[in-house]
Each structure stands twice: as structure tokens, then as C-alpha cells.
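Trainee: Below are the C-alpha cells for one structure; questions will follow.
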Amino acid sequence: MSGARIEIALEGSALRATLGTLAGRLGEPAERADLHDAIGALLADGVQRRFIAAQDPDGTPWVESERAKAGARGGRTLTDTGRLQHSITWSVEADGVLVGTNVEYAAIHQFGGEIEQSARTQVLAFDGQGRFAARKSTRRRKTGSVPIAIAQIGARRITLPARPFLGIDAEDRLGLAGVMQDWLEAALP
């Protein structure tokens, strides 16, 4: 082999024993489970931070949704019912950790894309002053019937911008370094 080479012999040293202990701990999946669990918790917390800050892992603010601009239902982008935000979880695997969600519409928000809605008929309900109150509501209120209208809504295509919420940001990287350091230090004699 050409080039430069430095060889360090660790035979009989305490450093060799310590490195052997660390290598053993890294090599056993059962030994890594607590590390993976701590990493999963840290990364899931990072996703929650991004929901609150309404920004992607690079720190870029999300494109504000029309609902948020209007101040409707809480007025926060990607937070209508909170289902997506509160579905973030992690799973410890033999060789790592998975962080994500099982919510079916998560991918369209993470990556963006188009949604096609077919034409439909919808029932619209109005309040006592003739203002729009709700969709699909024909229930009776204490004061009487709720005025309703039947609306024909044409087919449409909606383009949703990507609003990445999964990923690793700078704060996560610092936290990961701390978690790894703590885990490795716990293995030292």
C-alpha cells in the first residue's frame, strides 16, 4: 500500500479495554434500544417544535395556509384539528429508530402535491343572520330549524405546497450529540 500510515498499538492498555466495551455495546441491538428510544423522543420533540414555529427543519417558514390567513379554526398552518401534530411517534427498531406518523394525509403536507376533488353536492347550513355556519349540518337547534341550502360544487384541483415537518434541524443535531455522549459515557468504567 502506498501513501502514509500511522499505527497505534493498544495492547494491554485501559483505552483498549474501554474501546472494547464501547464496541460491544454498539454491537448488541439490546444494548442500543435505550439509545434509540432517547433519539426517538428527542426527534419527536423536534417535530413538535416545528409545528409550533410553523417552519421546516431548515428553519424556512411554511407557506401559510388559506385557513390560517383567514384566522379560521385556530388560524395555524397544518393545525386544523391537531390530529397530524399529535400523531407523531417513534418506534425503536433493531438497527435504529423510526420517527413519523400513520396519518394518511401526512405525505401530501410533507412533500406537497395536487389533490383532485370531483364534483359534488353539499348541504350548507346558515345561522339566524343568514351567515354560513357549517357544512353537512341539518340538525335542529333549540330555536328551530337551521336554514340550509344545497350547493353544487364543481370539480377542482388543489395544489398544496410542501410543508416539511419531519427531519432533523440544528437544535436536534445538538440534542443528538448530547444523547450520544451521555449514552457512551454510561458505558465507560
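Here, each number is a calculation from the coordinates, and none is a lab measurement. Note that the structure is a prediction, hence the values are computed from the model and not measured. All Cβ positions, glycine included, derive from the backbone under ideal geometry; neighbour counts span all protein chains shown.
Trainee: Output the peptides 149-155, 180-186 sorted from most to least packed, where packing is the average of other Cβ atoms within 10 Å over each peptide's residues. Present the calculation step by step, with values, prior to reporting the outcome.
Mentor: Values: 149-155: 9.4, 180-186: 12.1.
Highest to lowest by the protection proxy: 180-186, 149-155.
Trainee: Using a 10 Å cut-off on Cβ atoms, rank the peptides 62-71, 118-127 from the highest mean neighbour count down. Kindly include the intermediate steps, with their values, before the conclusion.
Mentor: Values: 62-71: 14.0, 118-127: 12.0.
Most protected by this proxy first, the peptides run 62-71, 118-127.
Trainee: Hey, can you grab everything whose amide H is under 5 Å from the amide H of THR77? Only 5+ residues off in sequence or another chain; H modelled, so Pro and N-termini drop out.
Mentor: Correct list: SER65.
Trainee: List ILE39, ILE115 from most exposed to least, where exposure is judged by having the fewest other Cβ atoms within 10 Å. All intermediate terms of the calculation are to be shown ahead of the outcome.
Mentor: On the way: ILE39 22, ILE115 11.
Lowest to highest Cβ neighbour count: ILE115, ILE39.
Trainee: Between THR81 and ALA155, 0.36 nm times their residue separation minus their Cα-Cα distance comes to what? Don't jump to the answer; show the numbers that get you there.
Mentor: Details: separation 74, 0.36 × 74 = 26.64 nm, distance 2.51 nm.
Additional length available on full extension: 24.1 nm.
Trainee: Mind checking the full-extension length gain between ASP182 and ASP34? Use 0.36 nm per residue of separation minus the Cα-Cα distance, one decimal, nm.
Mentor: Working: separation 148, 0.36 × 148 = 53.28 nm, distance 1.14 nm.
Computed gain between ASP182 and ASP34 is 52.1 nm.
Trainee: Next question. Relative contact order, percent, of the range 37-124 when contacts are C-alpha pairs under 8 Å separated by at least 6 residues? It would help to have the intermediate numbers written out before the result.
Mentor: Numbers: 73 pairs, mean separation 22.9, N = 88.
For the range 37-124, the relative contact order is 26 percent.
Trainee: So how much slack lies between ASP58 and ASN102, counting 0.36 nm per residue of separation and subtracting their Cα-Cα distance, in nm? The partial results should precede the final answer.
Mentor: Details: separation 44, 0.36 × 44 = 15.84 nm, distance 2.33 nm.
That works out to 13.5 nm of additional length.
Trainee: Just order 106-113, 93-100 by mean Cβ neighbour count inside 10 Å, highest at the front, would you? If you can, show how the numbers build up before the last one.
Mentor: Working: 106-113: 15.5, 93-100: 13.9.
Packing order, densest peptide first, comes out as 106-113, 93-100.
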